[in-house]
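Enquirer: Have a look at this one before I ask anything.
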Amino acid sequence: MVSATLTKWGNSQGVIIPKNLCDKYGLSVGDKLIIEEGAAGIELKPQRRKIATHPVDLDELFEGWTGTYEPPEDWPCIGDEIDWGEPAGKEIW
């Protein structure tokens, strides 16, 4: 069993989660946690982002979309192409 102390942080309170539990559950600084009231008290659960379980191709991504795309008026365009400027760093053109 691991214990922690409720600590004052500004106008709020916080609990420090030990590193071994963060490692075990894949938590890192900035991750969001869901706080729920359970039968035994407060439960903290990692809020996981939904990730596609399969690769999505462009046809699937834009399926059902009937609009057109027009770049913003202030973008430097040459005909239908956007001018991104000269290569910088290790870019390959």
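Read-outs: derived from the displayed coordinates by stated rules, not from any lab. Bear in mind that the values here come from a model prediction, so they are computed numbers and not experimental data. Note that we place each Cβ from the backbone using ideal geometry, even for glycine, and neighbour counts take in every protein chain shown.
Enquirer: Compute the Rg to Rh ratio over the range 50-93 from the alpha carbon atoms, using the Kirkwood formula for Rh, and round to two decimal places.
Expert: Across the range 50-93, the Cα-based Rg/Rh ratio is 1.11.
Enquirer: Which cross-chain or sequence-distant (5 or more) residues have an amide H under 5 Å from the amide H of residue 77, H modelled 1.01 Å from N in plane?
Expert: When sequence neighbours closer than 5 places are left aside, the close amide H contacts are 83.
Enquirer: Could you tally up the Lys pairs in the chain with alpha carbons closer than 21 Å? Skip any pair fewer than 8 positions apart unless they're on separate chains.
Expert: So the count works out to 9.
Enquirer: Kindly provide the trypsin sites (Lys or Arg not before Pro) of the chain that DSSP labels as loop, not H, G, I, E or B, and whose Cβ sees at most 14 other Cβ atoms within 10 Å.
Expert: Those that pass, being in a loop and sparsely packed, are 32, 48, 49, 50, 90.
Enquirer: Continuing with the same structure: Quick one: the Cα spread of the chain along its three principal axes, in angstroms, biggest first?
Expert: For the chain, the Cα extents along the three principal axes come out at 65, 36, 29 Å.
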